[in-house]
């Protein structure tokens, strides 16, 4: 949420030329480099004078077709796009052009306060001089907040937790006692970092709580979605590795170790002591049983259940987990199963008939 | 939560006669229309002098049986119910009678303040004169709140968001900057409207955030459950159509378009750019892949995964999605699969035996 | 979160001897009972002078091996563990020793305030004298809070709700109007207790809300995870039985009755009017359809969908639910399904060939 603006408003009336954009992004201009644009918008929605973009991705053919009728003044396009009817900036990754343009037209709006008078910040907290703390936020004793960081309204930092630099904590997020969040992180609204791990021992028919005295460490450049819950370790640390991105409503249990630059899509549940190596992707609604390891660069397709270790570089799916290609074959075969039952019954009858004759 | 009362208390000691109830609800009274009731309660729990109801739905036969022994003084019943041993109000939809009776006996309790002194409301917000804002709620600059609306304790309205008339925002709900909620909506506790869409572009091994500068628009008469998360669009608008009802812990990704009067049950996950047309029902724990369209009036059964477009009026289930009747056949056939394996092995042996003789 | 400490810190510099520990826990000391330990840590992480433990559970053989090289000074071990190279406390359930040691070394840190000046507590609430209420917490009129209970920062207690003794409500948890929480409970951050049940009646194409005027009762010794949502009953009570433990992000619908000492793992969804008898376990991501009963002591394996009543003492899994052993056979058989299709095709061909000759 770098800005809260609605796309078509372009609140600051900024403009830039393709040449200036190219200076920011790299890439090569085709056509009039002095064309000036006032906003960025999807190809079918762009108004006259606006910039649009042509991704190399989904529906590329359809997008190419739309370009013919767009009202936009200029275009960000893949390097190898065909000749286009309007000036374009050609880039290897046109999404990076979109990122730069969005950041230019919709810069983050800064609030007009630092520590808001309606915030509660303990006298025993260490807050860098330019930190923003919103109304009804709470920063407890011993908490440390690095420069440039923004603690939004109604967020909570528990005792002795540490937040790095240039991190953004959204409204209602809870960073509980003793947990750490690195630099350049984004923690979305109502996320919970540091809730107790779910650990009990059954003693005489009663579930006795095993105290959870560890913490959570979120490394630098991590983004954590709304209503995510990350449990503190029983002892030691539940860790979210550098650059990992976690979507909304993901549950991460105690003692989990998530590697660097992992991508975890919405509503995934990761059981205790699971290890994800670097660059692992878990698609939506995946689950893992506890104490498994998913190897570097592996992807688990949506709704899969990781029931055992996964080798590095795998693409797996299903429950239990198996190679994605195998799972697809099984799913296709299942649709033939009712017919198969009939066929086998027929075969049995034929054979019986043969026997009896 | 129109009242916070426990059923059997009937806090206001209100009473009404069947005749008066009929005037509120329509329907036809059978038996003494002057019988006076003091509360409404389930048929097996009603006390003497109370009203009860007989739905036309689940366990109808059992309910009919219970009526014989109920202590209630009167009954709301379906039009076509058999003769009953106590005075009754006959209605086409007896649930509507229950709704009216509950609203009569348990009217909403109004707090005794408008803007609570412990709330923070920006001077630059536009708040209609009879709006309630609870303690430790935050209303940021540029927010607009329509008449009759109630912002509960600890709720958050971000910059430039707009809330219509007679809407109820429960404690801890977050309506983030630039988002809009219509008239007569209910947003339950700790829901998040307007968190960032989950959008990244991989550049040199790093996931670079695509700024999410769009918003969410929740149209009129929508109810949104506790801990629901709705992501703002990358650009443009994520939209929840008029009259739709969303249960707890549903995740709705960026750019999703939900039609009018949809029903989305708990723990559903809707991926980016999915379109639900009007009157779509997604049962519990359903998932959708991105960029699919579910046609008007369709139902997806519990736990289904919408892997492709669904035609209007369909009833689908399973993963991948298929007609519900087919899915049921497959699930039934699966239980015969282990036996089938054996049968085929037997058939093979029989044939081999034949070959060799 | 009895302490917020990071394991290796041992903030209070407490020490104890094995003999003293044995006095606290029961069990039998083998070796030097006067060995003094200063902390408790996992076997591979313990520092010289620390206590460690050997559970009887997962990876027991590997743990036994690790004991040979641990730097720890002493060990909690199962009664029947082999001879060990360091002094040990032998217990039937060594986890109970760990619990006692963790509670000794990491006692709960008490805040230095009772009702924080930045809290809002209604004058019409009944708050026992030693209750802690954190900054920006809200306690509304008519709420009752028992002695020793702690309402953390930014938590919410609605009108007329009742909280027992020695209960801990974490930051941002919402106990809505009229709900009750017993003694010795823990309600984790951002959990919602008492949101409206999801009840509508379709009238002339419009979903009309059925007012939800019941409540939720959480009995004694219950733990409820972060971002859990428990809906109030339409009328009457949604109930969580004594000693039950609920993990993060579980959804419990209206009118559900959960028995005593149940264990419900993360991301489970329980539909309306479901009954769990005592000692039921639902593993992660389980769902239940409404109006079913799960018998005493039953376990539903991860991701299962309870589609019908489950007899007491069952171990079930899958969708639809079936005996776990059967489900495992089916899952195993499915991997042979593509091959089976081929085999049957071959059989058909062979038979055809036979026919034609």
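The values are calculated or read from the model by the stated rules, or taken from the named source; none is laboratory data. Treat the numbers as computed from the prediction; the structure is a model and nothing was measured. Cβ: placed from backbone, ideal geometry, glycine included. Neighbour counts: every protein chain shown.
With the structure loaded, tell me whether residue C:208 is over 14 Å from the mean Cα position of the chain (by Cα), facing chain B (nearest Cβ under 8 Å) and assigned to a strand (DSSP E or B) or whether it fails that test. Taking the combined requirement at face value, the residue satisfies it. Checking the range B:158-175 against the condition returns a match, with at least one residue being facing another protein chain (nearest Cβ under 8 Å) and closer than 14 Å to residue B:229 by Cα.
Applying the condition of being surrounded by fewer than 22 Cβ atoms within 10 Å (Cβ to Cβ) and within 11 Å of chain C (Cβ to nearest Cβ) to the range B:81-94 and asking which residue is farthest from residue B:148 (Cα to Cα) yields B:92. If you go through the range C:233-249 and keep only what is at pLDDT 95 or above, crowded, with 24+ Cβ neighbours inside 10 Å and either part of a strand (DSSP E or B) or facing chain B (nearest Cβ under 9 Å) (or both), you end up with C:233, C:238, C:240, C:246, C:249. Any residue at all in the range C:175-185 that is in a strand (DSSP E or B) and either out of contact with any strand residue (DSSP E or B) (no Cβ under 8 Å at 6 or more places or on another chain) or surrounded by fewer than 24 Cβ atoms within 10 Å (Cβ to Cβ) (or both)? Yes - at least one qualifying residue is present in the range C:175-185. With respect to residue B:83, is the statement that it is in a loop (DSSP other than H, G, I, E, B) and modelled with pLDDT of 95 or more true? For residue B:83, the condition - in a loop (DSSP other than H, G, I, E, B) and modelled with pLDDT of 95 or more - is not met. Among the residues of the range A:250-261, those identified as surrounded by fewer than 24 Cβ atoms within 10 Å (Cβ to Cβ) and within 14 Å of chain B (Cβ to nearest Cβ) are A:259, A:260, A:261. Determine which single condition residue B:182 fails, assuming it passes every other condition in (1) over 24 Å from the mean Cα position of the chain (by Cα); (2) away from chain A (no Cβ under 13 Å). Residue B:182 satisfies every listed condition except (1).
The rows are residues; the columns are (1) more than 19 Å from residue B:301 (Cβ to Cβ); (2) more than 11 Å from chain B (Cβ to nearest Cβ); (3) modelled with pLDDT under 95; (4) crowded, with 17+ Cβ neighbours inside 10 Å.
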site: C:280; (1), (2), (3), (4): yes, yes, no, yes
site: C:283; (1), (2), (3), (4): yes, yes, no, yes
site: C:291; (1), (2), (3), (4): no, no, yes, no
site: C:294; (1), (2), (3), (4): yes, yes, no, yes
site: C:301; (1), (2), (3), (4): yes, yes, no, yes
site: C:305; (1), (2), (3), (4): no, no, no, yes
site: C:312; (1), (2), (3), (4): yes, yes, no, no
site: C:316; (1), (2), (3), (4): yes, yes, no, yes
site: C:326; (1), (2), (3), (4): yes, no, no, no
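Given the condition touching a residue at least 60 places away in the same chain (Cβ under 8 Å) and in contact with a strand residue (DSSP E or B) (Cβ under 6 Å, 6 or more places away or on another chain), answer yes or no: does some residue in the range B:191-201 qualify? Looking for residues that are touching a residue at least 60 places away in the same chain (Cβ under 8 Å) and in contact with a strand residue (DSSP E or B) (Cβ under 6 Å, 6 or more places away or on another chain), one finds at least one in the range B:191-201, hence yes. Restricted to the range B:262-278, and to residues there that are part of a strand (DSSP E or B) and surrounded by fewer than 24 Cβ atoms within 10 Å (Cβ to Cβ), the residue that is nearest to the chain's Cα centre (by Cα) is B:263. Scanning the range B:194-205 for residues that are at the interface with chain A (Cβ under 8 Å from one of its Cβ atoms) and closer than 22 Å to residue B:180 by Cα gives B:194, B:195, B:196, B:198. Which one is nearest to residue A:152 (Cα to Cα) among residues in the range B:126-149 that are within 12 Å of chain A (Cβ to nearest Cβ) and assigned to a loop (DSSP other than H, G, I, E, B)? Filtering first and then ranking leaves B:140. In the set (1) touching a strand residue (DSSP E or B) at 6+ places or on another chain (Cβ under 6 Å); (2) more than 21 Å from residue B:333 (Cα to Cα); (3) at the interface with another protein chain (Cβ under 9 Å from one of its Cβ atoms), the condition left unmet by residue C:355 is number (1).
Can we say residue C:86 is farther than 23 Å from residue B:118 by Cβ and in contact with a helix residue (DSSP H, G or I) (Cβ under 9 Å, 6 or more places away or on another chain)? Spelling it out, residue C:86 is indeed farther than 23 Å from residue B:118 by Cβ and in contact with a helix residue (DSSP H, G or I) (Cβ under 9 Å, 6 or more places away or on another chain).
Kindly establish whether residue B:62 is farther than 18 Å from residue B:170 by Cβ, within 12 Å of another protein chain (Cβ to nearest Cβ) and not in a strand (DSSP E or B).
Against the criterion (farther than 18 Å from residue B:170 by Cβ, within 12 Å of another protein chain (Cβ to nearest Cβ) and not in a strand (DSSP E or B)), residue B:62 qualifies.
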